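Asker: This structure is in structure tokens; I'll ask about it shortly.
The values are calculated or read from the model by the stated rules, or taken from the named source; none is laboratory data. Remember, it's a predicted structure, so these values are computed and weren't measured experimentally. In this analysis, Cβ positions are derived from the backbone assuming ideal geometry, glycine residues included, and neighbour counts consider all displayed protein chains.
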Amino acid sequence: MNQRQIRIVAIVLAAILVLGVLAAVAAPLLAQPATPASLRAPAGTTVEPWSQVSGTDGREYIADQQGRALQFRGMNVKTEHPAADASDELLADAEARGFNLLRLSVYWDEMEPTDDAWDEAYFAEIQTVLDRAEAHGIWVVLTMHQDNFNTRFGGKGMPDWVTDDEGLPFVPQDVWFLNALQPALMEAWENLYERPEFRAAQIDAWEEIVTRFHTSPAVIGYDLLNEPFGKIREGEDLVAAIERFETTQLTPMYQRLTNAIRAIEPDQWVFVEAPNQASLGIRTWLGELSGGNIAFFPHLYDSTIETATYTPGGEVAYDPKFFDTYAGVIDVYPDAHHVPVLFGEWGVAHPEAKGMDQFVADALELMEDHGSGWTMFNGCRGTGYCPFDADGNDRPGIGQIVQPYAQATAGAPTSFHWDAAAKTLTVVFTDGAATGSTDLVVPSGTVYPDGWVVETSDADGTWSSTAAEGLDPNVEVISVTTAATGQPHAICLKPAGAPAGCAVPVAEVPGSTTTTTTVPGTGDAPAAVPVSGQAGYTG
């Protein structure tokens, strides 16, 4: 037998075993991930080993070698032509906003258009993007992308040779994502999950990606499948179908792929998505995944806004109740399995429409409260979902995504809050095992053209700060070092001239004081000071 035939036999045997352990798939707790051995960060800096740290609010965070909790800001690039669309110009746009993460689409039908025939030119384009990202201080999540499975369904992603719809009907819908409910497309999903030869081919595809790219310093991890779906079987409604295929098909698929990746790369992160049902107020039933360094990567789209966007003549309108519904279900998986949450996609196609500026503001606040980062859809210059106009400027309504954030927190995070009106970032954390400084990424040229002030709740003489230029002159990195006091710490970043004061937002913290360091405007900025251990910026 050849290697794929051997793997098919192994998968059939494994499937028999899976039937006996499905109850464990929904186990409430995820074992603590193993400590990774090594991984390099962009721009020649070092953050190995990757690990995980818990916040005092119950959230989990990706951590660097010093045990600091990391946060991420960035964008997607969904494209069939990575080298052209994830251009050096676009990544420079991202860097100038202080972004540190790129979610890059990888299409299976592009890299393996026929069985076991790899497109070397396509892989070369991906490597070009990874090299660019490293130079711009940006980490990359490689995402196995699909929309409506295959081109025969008006979508893209899966090759023809793993697309078997068994001749069932497909009627194109006016709203493209409703194509997912067509019998032919649902049957294609069913066969991808169930046919041993398709399972083996999917494993092969991920092994090829990881083997080729896991040594790239820019790669932080792998998103196993964009917006998966399944089949609604006879007698099921949508909710029952989602519960069944997430539990019995999607979770086992994710485990197979994670096992394959871990055999090659034990440390980089594996990102997993549920179908995009949270936007409908439906929880996920994804189960526990073993292998360590697993992160949840949900999408955030208002289904009413998206339906209007894709309906000819549709009127885009925003109802704030959407976020109440979404918030009610999005924490189910991380609460059960204790994994970090980053929002893999979110955005709006008509930021100029009434209410969209508020939608963006509310989305940012929700993600701030429920996760540790995001990648906006879609990184580009132009119109539609693009955050930048044709000249590379922030588009109205969307420009508020450019804001300071704590890229690395030297302690157990309690809260992060950006007050856009006051232009004030407040970071609260407690002492922990982390060492080094808390590093704030500040697009100061955009947010603080007249300078900024950094304050803490700690006593004078117990903390210090340094500022260094980021890779882009528009961006600074402020490193704040606090002494272990046994008390919560607050760090406040605000415009120069703002009223003094920085306090932990609790009823009372005995002995809390406020001290201040003021920095002039960017035109009078002091010389850069190197920041040791800074992940993603050289200073």
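Asker: So LYS78 fits all but one of (1) free of Cβ contacts under 8 Å to residues at least 24 places away in the same chain; (2) touching a His at 6+ places or on another chain (Cβ under 9 Å); what number is the exception?
Answerer: (1)
Asker: Determine which member of the set ALA361, ALA390 is among the small types (Gly, Ala, Ser), more than 17 Å from the chain's Cα centre (by Cα) and over 25 Å from LEU70 (Cα atoms).
Answerer: That would be ALA390, the only listed residue that is among the small types (Gly, Ala, Ser), more than 17 Å from the chain's Cα centre (by Cα) and over 25 Å from LEU70 (Cα atoms).
Asker: So, ASP160, is that one out of contact with any Cys (no Cβ under 6 Å at 6 or more places or on another chain) and at positive phi or not?
Answerer: no
Asker: For the stretch 49-66, give me each residue that is of a type outside the set (A, V, I, L, M) and surrounded by 19 or more Cβ atoms within 10 Å (Cβ to Cβ).
Answerer: Within the stretch 49-66, TRP50, SER51, GLN52, GLY55, ARG59, GLU60, TYR61, ASP64, GLN65 qualify.
Asker: Any residue that is more than 22 Å from the chain's Cα centre (by Cα), modelled with pLDDT of 95 or more and either assigned by TED's automatic domain parsing to the domain that holds LEU142 or polar (S, T, N, Q) (or both) - is there at least one of those in the stretch 365-387?
Answerer: yes
Asker: What about VAL316, is it in a strand (DSSP E or B) and over 13 Å from GLU345 (Cα atoms)?
Answerer: So VAL316 does not fit the description; no.
Asker: Now for a separate question. Every residue in the stretch 187-234 that is among the β-branched types (Val, Ile, Thr) and either part of a loop (DSSP other than H, G, I, E, B) or not assigned by TED's automatic domain parsing to the domain that holds VAL270 (or both), please.
Answerer: Selection gives THR215, ILE232.
Asker: Quick check on this structure: which one of VAL447, VAL453, VAL427 is modelled with pLDDT of 95 or more, over 27 Å from the mean Cα position of the chain (by Cα) and β-branched (Val, Ile, Thr)?
Answerer: Matching residue, one of VAL447, VAL453, VAL427: VAL453.
Asker: Would you check which residues across the stretch 404-421 are surrounded by 16 or more Cβ atoms within 10 Å (Cβ to Cβ) and free of Cβ contacts under 8 Å to residues at least 60 places away in the same chain and list them?
Answerer: TRP418
Asker: To continue, here is another question. Working only within the stretch 336-360, note down all residues that are surrounded by 14 or more Cβ atoms within 10 Å (Cβ to Cβ) and in a helix (DSSP H, G or I).
Answerer: Hits for the stretch 336-360 are ALA336, HIS337, MET356, ASP357, PHE359, VAL360.
Asker: Out of the residues in the stretch 150-191 meeting the condition of being more than 23 Å from LEU342 (Cβ to Cβ) and in contact (Cβ under 8 Å) with a residue 60 or more places away in the chain, tell me which one is surrounded by the fewest Cβ atoms within 10 Å (Cβ to Cβ).
Answerer: Here the residue is ASP174.
Asker: Is it the case, given these coordinates, that THR251 is surrounded by fewer than 19 Cβ atoms within 10 Å (Cβ to Cβ), in the same structural domain as PHE377 (by TED's automatic domain parsing) and either part of a helix (DSSP H, G or I) or of a type in the set (S, T, N, Q) (or both)?
Answerer: Considered against the rule, which asks whether it is surrounded by fewer than 19 Cβ atoms within 10 Å (Cβ to Cβ), in the same structural domain as PHE377 (by TED's automatic domain parsing) and either part of a helix (DSSP H, G or I) or of a type in the set (S, T, N, Q) (or both), THR251 comes out as no.
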